[in-house]
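The values are calculated or read from the model by the stated rules, or taken from the named source; none is laboratory data. None of the values given here were measured: they were computed from a predicted structure. All Cβ positions, glycine included, derive from the backbone under ideal geometry; neighbour counts span all protein chains shown.
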Amino acid sequence: MSSYTIQDIFQKYGNDYISKHKLSKEQWKVYNAIIKCKTKNLGIHTMTCSECGETFIYFNSCRNRHCPMCQAYKREKWIEKESNYLLNCPYFHIVTTIPYELNEIILYNKKDCYQILFEATSESILELCNDPKWLGAKVGITSILHTWGQTMEFHPHIHSIVTGGGINNNHWINSNNNYLIKVQVLSSLFKGKFLSKLKHLELNLPNSLKHLKDIKQFNNFLRPLYNKQWVEFIEPPKGSPENVIEYIGRYSFRVAISNDRIKSIDNGFVTFEYKDYKDNAKIKNMTITAKEFIRRFLLHILPDKFTKIRHYGILTNRSKTNNIKFARLLIRQQIFSDFTSTLKRKVKDLTCPNCGSAFLTFNYFYVST
């Protein structure tokens, strides 16, 4: 396990960085949270093991969603909740991404652009799946926003987990086990929807792009993107529905980089591990300045209160419970089998150091210092 953390980098090089760079309100909030996470600045709490009765004292965590030290418990609780909505059907993994030419515009309009990225993705998948040419049914979608690649460069995209089947006229329609919709058709539809929505935004533009305020010049800027092949991806189902919820959980609570990928932070440089997907996903090391590392990390701070995990179709929040009950009834009628999720998990950070119990009930007593 790595002995280096994002917190170490912020503590060692953060003051120099913020003395030369202006941080947004959201970035300041994350920076301060990570600096203080699991230190005496946030106070302490006690945790008592329900198995052996031992009590342990820990520093409080910051619970910020961008902090790599605070995601394990949130992830496990989310997986526990979402496992109640699993269906006994295959699930497809769809990735929708936008070309790098739009990155600067998105960086200056994160909230609005992330919103239309969600909209264009969900609308495209639902529209195509509803078409009898493909599936002809209303599917369920869980979409997760990511804004980074392996080297922490800005790369906004959405991971969507889609049910391999859906509801149509009180019937459950199964997809082909390895086929849902054609990726080229999805790419074309998604591209058109996203660019159309982008044209209707009141964009905040930097000086270098002020000329795009002119509609004619903006359309000229976008025209090559209509002709460009956007990179989308559809992965066929893998494993059981329980594996799917594990998969979603990993994607849902990732941050730009995890602490275990950081290898060294010496002499003003940070070395971290990454997968080079252009070279058969080989594991490689990259070394950049601490200043550049902090800049890249802060690129991925989400707008305040922005929801990065969303549900659509039969999984939409307002009717999710009833839709799942109905879908399970239809699936059981069709395949004559029952299905109940029986996920049992360990929360590594909440395992008793004394007896090793993996299923503990902790009592929290917060003490300010």
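Just one of the listed residues (GLY140, GLY192, GLY149) is of a type in the set (Gly, Ala, Ser), assigned by TED's automatic domain parsing to the domain that holds ARG223 and crowded, with 19+ Cβ neighbours inside 10 Å, namely GLY140.
On the stretch given as the stretch 172-211, residues that are in a helix (DSSP H, G or I), touching a residue at least 60 places away in the same chain (Cβ under 8 Å) and farther than 30 Å from GLY313 by Cβ total 2.
Examine the stretch 294-309 for a residue that is under 30 Å from TRP28 (Cβ atoms), surrounded by 18 or more Cβ atoms within 10 Å (Cβ to Cβ) and out of contact with any Ser or Thr (no Cβ under 9 Å at 6 or more places or on another chain), and state whether such a residue exists. Checking the stretch 294-309: at least one residue is under 30 Å from TRP28 (Cβ atoms), surrounded by 18 or more Cβ atoms within 10 Å (Cβ to Cβ) and out of contact with any Ser or Thr (no Cβ under 9 Å at 6 or more places or on another chain).
Outside the structural domain of GLN184 (by TED's automatic domain parsing) and within 26 Å of VAL183 (Cβ to Cβ): which single residue out of LYS308, LYS282 fits that description? Quick ask: steps written out before the conclusion?
On the way: LYS308 fails: outside the structural domain of GLN184 (by TED's automatic domain parsing).
Exactly one residue qualifies, and that residue is LYS282.
Among all residues of the stretch 253-276, there is none that is under 24 Å from VAL162 (Cα atoms), in a helix (DSSP H, G or I) and modelled with pLDDT under 90. If only residues of the stretch 1-54 that are within 24 Å of LYS291 (Cα to Cα) and small (Gly, Ala, Ser) are counted, the one that is farthest from the chain's Cα centre (by Cα) is SER19.
Among the residues of the stretch 76-101, write down those that are outside any loop (DSSP other than H, G, I, E, B) and surrounded by fewer than 18 Cβ atoms within 10 Å (Cβ to Cβ). Steps first, please.
Residues of the stretch 76-101 that are outside any loop (DSSP other than H, G, I, E, B), as a first pass: 76-85, 91-97, 100-101.
Hits for the stretch 76-101 are LYS77, TRP78, GLU80, LYS81, ASN84, VAL95, TYR100, GLU101.
The sole residue among GLU82, GLU76, GLU51 that is acidic (Asp, Glu), out of contact with any strand residue (DSSP E or B) (no Cβ under 9 Å at 6 or more places or on another chain), outside the structural domain of THR351 (by TED's automatic domain parsing) and at pLDDT below 95 is GLU76.
Please tell me if ARG250 is assigned to a helix (DSSP H, G or I), at pLDDT below 90 and surrounded by fewer than 18 Cβ atoms within 10 Å (Cβ to Cβ). So that I can check it myself, show each step before the final result.
Values: assigned to a helix (DSSP H, G or I): yes; at pLDDT below 90: yes; surrounded by fewer than 18 Cβ atoms within 10 Å (Cβ to Cβ): yes.
Spelling it out, ARG250 is indeed assigned to a helix (DSSP H, G or I), at pLDDT below 90 and surrounded by fewer than 18 Cβ atoms within 10 Å (Cβ to Cβ).
Do we have GLU235 as closer than 24 Å to GLN71 by Cα and acidic (Asp, Glu) here? No: the conditions fail for GLU235.
Of everything listed in (1) surrounded by 19 or more Cβ atoms within 10 Å (Cβ to Cβ); (2) within 16 Å of the chain's Cα centre (by Cα); (3) modelled with pLDDT under 95, the single unmet condition for ILE331 is (2). The condition (being surrounded by 19 or more Cβ atoms within 10 Å (Cβ to Cβ), assigned by TED's automatic domain parsing to the domain that holds ASN169 and either touching a residue at least 12 places away in the same chain (Cβ under 8 Å) or touching a Lys or Arg at 6+ places or on another chain (Cβ under 9 Å) (or both)) is satisfied by just one residue among CYS113, CYS62: CYS113. Each residue in the stretch 273-300 was checked for being closer than 23 Å to ILE34 by Cα, free of Cβ contacts under 8 Å to residues at least 24 places away in the same chain and either hydrophobic (A, V, I, L, M, F, W, C) or touching a Leu at 6+ places or on another chain (Cβ under 9 Å) (or both), and 1 of them qualify.
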